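Presented below is the structure to which this report refers.
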């Protein structure tokens with residue numbers, strides 16, 4: 001239970017760092033991101049991920065990750081309620097498994113993860129002033145790094161097997177297209193992402209994840225208003 005509580009706290013801190021503080025730095029002026037015909041930057045919202053793989057009657061255990069998940073988005077408002085966006089992001093997506101290799105042997109713990117670097121193309125529809133919206137889109141991720149670790153269950157001091165590949169398509173696909181959908185209500189929401197190709201070349205499973213969004217842009221707007229007032233006071237001296 002302590003591990004779960006600690007993980008949630010750390011995840012909230014990480015999401016706050018990547019999605020809140022960075023966004024406040026990148027925003028440009030009071031309510032600018034709520035007007036039609038303007039472009040602006042925001043942080044990547046995939047701050048913490050719950051990922052797994054499934055297919056052909058198999059589903060892996062849920063895996064949590066918050067490091068390193070970061071990036072930025074370039075937004076353009078078609079209207080005050082509809083925006084298009086793209087950007088660049090880094091995601092840590094993977095699986096966790098437990099299996100018995102042979103009858104009578106101990107369970108083996110296996111954890112695999114991929115560092116993806118990619119770009120989304122999406123649309124946002126909603127009330128931007130209230131930071132409430134629906135997001136839809138797709139994109140492509142490149143497998144920059146793939147790593148697998150395994151050990152005997154119940155003994156992390158047992159001999160570990162660790163394999164690591166950089167931009168290698170021996171076991172995984174380098175190019176990974178995906179689709180996604182999500183929502184935010186006052187800056188809090190969920191996003192579901194599904195990779196349309198098999199994550200392993202010798203298997204028939206698809207990676208997918210749910211990300212928790214904690215991004216309150218309304219607070220960052222208020223900060224910018226205060227900053228402007230302070231600057232005006234200084235200039236009037």
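The values are calculated or read from the model by the stated rules, or taken from the named source; none is laboratory data. If you're wondering where the values come from, they're calculated on a predicted model, not measured in any experiment. Neighbour counts run over all protein chains shown; Cβ positions are idealised from the backbone, glycine included.
If the requirement is being at pLDDT 90 or above and outside any strand (DSSP E or B), which of these qualifies: 197, 159, 227?
Values: 159 fails: at pLDDT 90 or above; 227 fails: at pLDDT 90 or above.
Selected residue: 197, the only one of 197, 159, 227 that is at pLDDT 90 or above and outside any strand (DSSP E or B).
Step by step: first the residues of region 162-178, then only those that are modelled with pLDDT of 95 or more and surrounded by 16 or more Cβ atoms within 10 Å (Cβ to Cβ), then the one that is farthest from residue 194 (Cα to Cα). Which residue is that?
Across region 162-178, the extreme among qualifying residues is 176.
Among the listed residues 116, 50, 64, 72, identify the single one that is assigned to a strand (DSSP E or B), in contact (Cβ under 8 Å) with a residue 60 or more places away in the chain and surrounded by fewer than 20 Cβ atoms within 10 Å (Cβ to Cβ).
Values: 116 fails: surrounded by fewer than 20 Cβ atoms within 10 Å (Cβ to Cβ); 64 fails: in contact (Cβ under 8 Å) with a residue 60 or more places away in the chain; 72 fails: in contact (Cβ under 8 Å) with a residue 60 or more places away in the chain.
That would be 50, the only listed residue that is assigned to a strand (DSSP E or B), in contact (Cβ under 8 Å) with a residue 60 or more places away in the chain and surrounded by fewer than 20 Cβ atoms within 10 Å (Cβ to Cβ).
Of these, 176, 131, which one is in contact (Cβ under 8 Å) with a residue 60 or more places away in the chain and in contact with a helix residue (DSSP H, G or I) (Cβ under 7 Å, 6 or more places away or on another chain)? Lay out the reasoning, then the answer.
On the way: 176 fails: in contact with a helix residue (DSSP H, G or I) (Cβ under 7 Å, 6 or more places away or on another chain).
Going through 176, 131 in turn, just one is in contact (Cβ under 8 Å) with a residue 60 or more places away in the chain and in contact with a helix residue (DSSP H, G or I) (Cβ under 7 Å, 6 or more places away or on another chain): 131.
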